[in-house]
């Protein structure tokens, strides 16, 4: 049992690099340069670790089903996907926030305000809490287009520097929730591989930077 | 919505094909013999119950209940668990005959799903309940029965994580100011969200001492060396003594290697009042089952006695069972119509030897060779190998 590799689901792209550097800093013996252009799986026999590279939105799914023992996922994804996983550590990397945005000086349409987003669960939860009835329109990318061409009054999306909004002539209206990357674990792996996972949490905790 | 195709089933419903059926039957047989030898009596309860009785008392969230309406207009539910119907039967009838009761069941339960596949809405559960025994030995018996049952089924690599709902409640309540804060922290632990717990504690702006106590508790309780470490978080030690007693009984029974204590363990099954546990095994990413003490549930049905039990899920159990290739020894007896008498005799003789025997008229077959391949042995009555 203890000989099976620890499978870590990582989101492709920027979060991967930041999280990977954190693991190296935490003392894991990982190759400095990792070739991840097209690969979906990387074996690290020295540490008995296996990385699988997934779309950020899919990381909690792999972890919930137990095909990955642990994973690194943004809080936005966790809130949207609502998977049953252990949320163990805030890595405090890839920080941004979810916000609503739209064209400057506009009000929500009174009859049926429309919100375009790739986070339908987060958006509908947010407006329900506010007591506002809205219609959610699901999009998969280039969300900023929606208010520009009149598909929606507002968008709900992640904002890091605000540059993308600015370039498209949009302004931020309401702050929804803070986002950073979290270390998550499958519930069975958390029990069956508890020593290894706790060790990882402790070592990563020392590398978490405040602020 | 697109129209329903002929082969489709409602979301979460599954067919059990012959091979899986046999495996389930094996588990059921093993489990039944095992539990009978330990003095458990099996029982069955109806699939449908009133919403106002079992539906309300059950700990399954309302949105997961399958509901229907009977001809009198009463709302019915398809049973979402077995513990609640058993509490109903025990308090209305069985407890008058014997106390404590040791009951066992093997039944399908129904919980509707909103999400995608991979989670059945109907599944089989095998479990036990001890009703009317409030001693720590009932707790120990339930834990040991779960462990021995898993071993009996050939599952080797598994863990029981044991917590205590009463102790967790006491520690949380002692250190927060309002009921809402307690509910929020408890819910975060049900969701296994340690990060959220720490954030919430910081947000509450509690006095420094309380804040530190909660944060220390959450980090210490997930990695316990000894139960006694928890003592400093409690003013009332009764429940902890109980857990220490349980731990020492389990030590004597030599099962410590299967057990972890984690006092942050919280269940969405809100009827648990004392000890509770979850079962995990390598091979499945989900919890195989859970159990615990639910001293309040029987009160809902008018009997103030303690009760404890556990249930294991068949679907996840199948995932973790050792994969044995079943060698099926079945015989095909082929005959032509003129030789029916000999064929009947031959088949009867084979069946008497205990061999599963299929009797098949050649006239009824289109593709003889393909059909023959399904069997480990073929006997031809009549024209020997010259048929067709």
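Coordinate-derived values only; no laboratory data. What you are looking at is a predicted structure, and each value in this text was computed from that prediction instead of being measured. Because the Cβ atoms are built from the backbone with ideal geometry, glycine has one as well, and the counts that use them run over all protein chains shown.
Taken as Cα centroids, segment A:151-200 and segment B:47-74 sit 38 Å apart, rounded to the nearest whole angstrom. Under a Gaussian network description of chain B, with springs only between Cα atoms under 10 Å, the residue in B:300, B:330, B:262 that fluctuates furthest is B:330. Each residue of chain A gets 131 Å³ once the volume of the Cα convex hull is shared out per residue.
Counts of other chain beta carbons within 10 angstrom of each beta carbon in peptide B:273-283 average 3. Inter-part distance, segment B:254-294 to segment A:51-120, computed on C-alpha centroids, equals 29 Å.
Its Kirkwood hydrodynamic radius, worked out from the mean inverse distance over all distinct Cα pairs, puts segment B:18-320 at 20.4 Å.
Fraction of C-alpha pairs exceeding 17 angstrom in segment B:248-299: 49 percent, rounded to a whole number. Express the Stokes-Einstein translational diffusion coefficient of segment A:78-181 in µm² s⁻¹, to the nearest whole number, given a Kirkwood radius over alpha-carbon pairs, 20 °C and a viscosity of 1.002 mPa s. The Stokes-Einstein estimate is 150 µm²/s. Straightening the chain between residue B:374 and residue B:182 buys 63.0 nm, computed as 0.36 nm per residue apart minus the Cα-Cα spacing. If you line up the long axis of helix A:194-207 against the longest principal axis of chain A, both from Cα atoms, how many degrees apart are they, to the nearest 10? Relative to chain A, helix A:194-207 is tipped by roughly 60 degrees. Here the relative contact order of segment B:18-320, from alpha carbon pairs under 8 Å that lie six or more residues apart, stands at 22 percent.
The calculated 222 nm mean residue ellipticity attributable to helices in chain A amounts to -8500 deg cm²/dmol, summing -39500 (n - 2.57) over DSSP H runs of n ≥ 4 and dividing by all residues. Most simply put, the protein assembly as shown has about 65% antiparallel DSSP beta bridges, counting only bridges with both residues inside it. Neighbour counting of Cβ atoms within 10 Å sorts the residues B:109, B:136, fewest neighbours leading, into B:136, B:109. Translational diffusion coefficient of segment B:210-340 (Stokes-Einstein, Kirkwood radius from Cα pairs, 4 °C, 1.567 mPa s): 69 µm²/s. Taking a ≥ b ≥ c as the square roots of the Cα gyration tensor eigenvalues, with a/c under 1.5 meaning rounded and otherwise prolate when a/b beats b/c, else oblate, which class fits segment A:1-79? Oblate shape, in that a/c is at least 1.5 and b/c is the bigger or equal ratio. Ranked from largest, the principal axis spans of the Cα set of the protein assembly as shown equal 93, 64, 63 Å.
Under the shape rule built on the C-alpha gyration tensor, where the axes satisfy a ≥ b ≥ c, segment B:43-145 is oblate, since a/c reaches at least 1.5 while a/b does not exceed b/c. Rounded to the nearest 0.05, what FRET efficiency is calculated for residue B:336 and residue A:121 with R0 set to 45 Å and r the Cβ-Cβ distance? My answer for the efficiency is 0.10.
Apply the a/c threshold of 1.5 to the C-alpha gyration tensor of segment A:138-211 and tell me whether it is rounded, prolate or oblate. Taking the square roots of the gyration eigenvalues as a ≥ b ≥ c, segment A:138-211 is prolate. Rounded to the nearest 500, the 222 nm mean residue ellipticity of chain B from helices alone is -11000 deg cm²/dmol, with -39,500 (n - 2.57) taken per DSSP H run of at least 4 residues.
When the alpha carbon coordinates of segment B:331-386 are projected onto the principal axes, the ranges are 29, 25, 17 Å, largest first. Of all the options B:199, B:244, B:223, the one that moves most in a Gaussian network model of chain B with Cα springs shorter than 10 angstrom is B:199.
Have a look at A:158, A:70, A:42 and tell me which one the Gaussian network model of chain A (Cα, springs below 10 Å) gives the largest fluctuation. Between A:158, A:70, A:42, it is A:42 that shows the largest mean-square fluctuation.
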